[in-house]
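Working notes, structure below.
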Amino acid sequence: MGSSFDESGMAVKRDSPVPPPLPATTLMTRKPPSGRRICCVSATTTEIWDSLFDDAYRADVSIHTTHDIIYAHSSILGLASPVFRSMFKRKGKSKKQVKQFTVPIRGVPTEAVRVFIRFLYSSCYEEEQMEEHVLSLLVLSHSFVVPRLKRECVNQLEHKFLNIDNVVDVFQLALLCDAPRLSIICHRLIIKNLKAVSLSDGWKAMKESHPVLEKELLATVAVEANMQKEKEKKMKERKVYLELYEAMEALVHICRDGCRTIGPHDKDLNKHQDPCNYEACKGLESLVRHFAGCKLRVPGGCVHCKRMWQLLELHARLCVDSNVCRVPLCKNFKERAKKQKKKDDIKWKILVKKILRTKSITGAPYFTLVTSF
């Protein structure tokens, strides 16, 4: 028999029948139009597997639940779950001819076991059944190592079924069933709504059965509260440092360029001009006027003057070149800093460093750090 080449270039016999086309892989969408049944395979395949499970044709496994017996096939269960496979192998070795396997699954509702076994056949479930038995299905999927169903249960809990009433139960199951993302979500929900969660039945049951876990949660709440206080404290400090930095910029603006009614003697001032962009300028303008006319203008004599002295010294610590600076007493304060006590000098350096660091977080600083620490 001679051979010929088809269009694809492969050698085929002339008398060989033409192979049929490959079956179309038309899968159902994740959520069909009805919005009730969730499937991961084609509709035809699902019907066949459902029929096989419902009819229990040649079933060789009897699953004993609390109130009923469910029949299944060892080959399908063994392929879907390594735990089932190991059980059937052990029983097959212990008896040479095993016609029927018996598997006890108790402690969960019979309907939940039925939904679990059906998923092993067809990879489908009803949304109403999932909502009712999601916690039992999570336990079963973890115990029998069915990762696809476990992921589905975790996803449903995270996005649909998690609430204040069941969050404690879900949190405990997430820890037992090795679901770290779900446990973190539950933990955050508990911390955020501790007062309401502590009144739920799940919290009361946990308090009796797992008092250590309750103590750990309460300890976490205390840690979170302290962290929040520290965060608020740092935000307040940062706000103060930013205000000081803005005051330094406004001081340079007044002494160098002038602002409306106050400024250097060689500048033409106009009180009708538009307000400047420095928010601290108005308050600083009043302080400068008071400082210029106060009769008690000595350090420690007047509260307002004392504040002005501190601002002038802080500017001198921030100023890069006092020889060209227009701010009064800038050069004098720089000379004074060289003779200052080491303890006081360190305090000023720390303050300057914090101000510049805070400004560098929000934007590029106008001043630069002269001395390295």
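The values are calculated or read from the model by the stated rules, or taken from the named source; none is laboratory data. No experiment lies behind these values; they were computed from the predicted model shown. Counting neighbours? That spans all protein chains shown, and the Cβs are built from the backbone with ideal geometry, glycine included. In case anyone asks, the SASA skips ligands and DNA or RNA and just uses the protein heavy atoms, side chains included. Shrake-Rupley method; radii C 1.70, N 1.55, O 1.52, S 1.80 Å.
What residue, of R297, R260, R289, is modelled with pLDDT of 80 or more and open to solvent by 70 Å² or more (accessible area, probe 1.4 Å)? If you could, list the steps in order and put the result at the bottom.
Details: R297 fails: modelled with pLDDT of 80 or more; R260 fails: modelled with pLDDT of 80 or more.
Among R297, R260, R289, only R289 is modelled with pLDDT of 80 or more and open to solvent by 70 Å² or more (accessible area, probe 1.4 Å).
With the structure loaded, tell me whether T29 is assigned to a loop (DSSP other than H, G, I, E, B), at pLDDT below 85 and polar (S, T, N, Q) or whether it fails that test. I'd like the intermediate steps shown before the answer.
Working: assigned to a loop (DSSP other than H, G, I, E, B): yes; at pLDDT below 85: yes; polar (S, T, N, Q): yes.
Spelling it out, T29 is indeed assigned to a loop (DSSP other than H, G, I, E, B), at pLDDT below 85 and polar (S, T, N, Q).
Does A247 fit the bill of being out of contact with any Lys or Arg (no Cβ under 9 Å at 6 or more places or on another chain) and closer than 30 Å to C325 by Cα? Please lay out each step first, then the result.
Details: out of contact with any Lys or Arg (no Cβ under 9 Å at 6 or more places or on another chain): yes; closer than 30 Å to C325 by Cα: yes.
Yes; evaluated as a whole, the condition is true for this residue.
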For Q156, indicate whether it is open to solvent by 10 Å² or more (accessible area, probe 1.4 Å), assigned to a helix (DSSP H, G or I), under 27 Å from I48 (Cα atoms) and out of contact with any Lys or Arg (no Cβ under 9 Å at 6 or more places or on another chain).
-> yes
All but one of (1) at pLDDT below 90; (2) under 20 Å from the mean Cα position of the chain (by Cα); (3) buried (at least 16 other Cβ atoms within 10 Å of the Cβ) hold for E246; which doesn't?
-> (2)
Test set (1) at pLDDT below 95; (2) open to solvent by less than 10 Å² (accessible area, probe 1.4 Å) - K99 fails condition number | (2)
Subset tally (residues that are of a type in the set (A, V, I, L, M, F, W, C), closer than 20 Å to T220 by Cβ and over 16 Å from the mean Cα position of the chain (by Cα)) for the stretch 154-189 = 10
Find the residue count for the stretch 170-206, including only residues that are open to solvent by less than 50 Å² (accessible area, probe 1.4 Å), without any contact (Cβ under 8 Å) to a residue 40 or more places away in the chain and within 20 Å of V145 (Cβ to Cβ).
-> 5
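For (1) open to solvent by less than 80 Å² (accessible area, probe 1.4 Å); (2) farther than 17 Å from V145 by Cβ; (3) at pLDDT below 90; (4) of a type in the set (V, I, T), each residue gets a yes or a no:
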| residue | (1), (2), (3), (4) |
| --- | --- |
| R58 | no, yes, yes, no |
| D68 | yes, yes, no, no |
| I76 | yes, no, no, yes |
| L79 | no, no, no, no |
| P82 | yes, no, no, no |
| R90 | no, no, yes, no |
| E111 | yes, yes, no, no |
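Return yes or no: is A337 among the small types (G, A, S), at pLDDT below 85 and loosely packed, with under 12 Cβ neighbours inside 10 Å?
On the way: among the small types (G, A, S): yes; at pLDDT below 85: yes; loosely packed, with under 12 Cβ neighbours inside 10 Å: no.
In short, no.
For the stretch 58-76, which positions are of a type in the set (A, V, I, L, M, F, W, C) and part of a loop (DSSP other than H, G, I, E, B)?
Just the residues of the stretch 58-76 that are of a type in the set (A, V, I, L, M, F, W, C), to begin with: 59, 61, 63, 69-70, 72, 76.
The answer is A59, and nothing else.
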Scan the stretch 117-132 and give yes if some residue there is hydroxyl-bearing (S, T, Y), more than 23 Å from the chain's Cα centre (by Cα) and open to solvent by 60 Å² or more (accessible area, probe 1.4 Å), otherwise no.
-> no
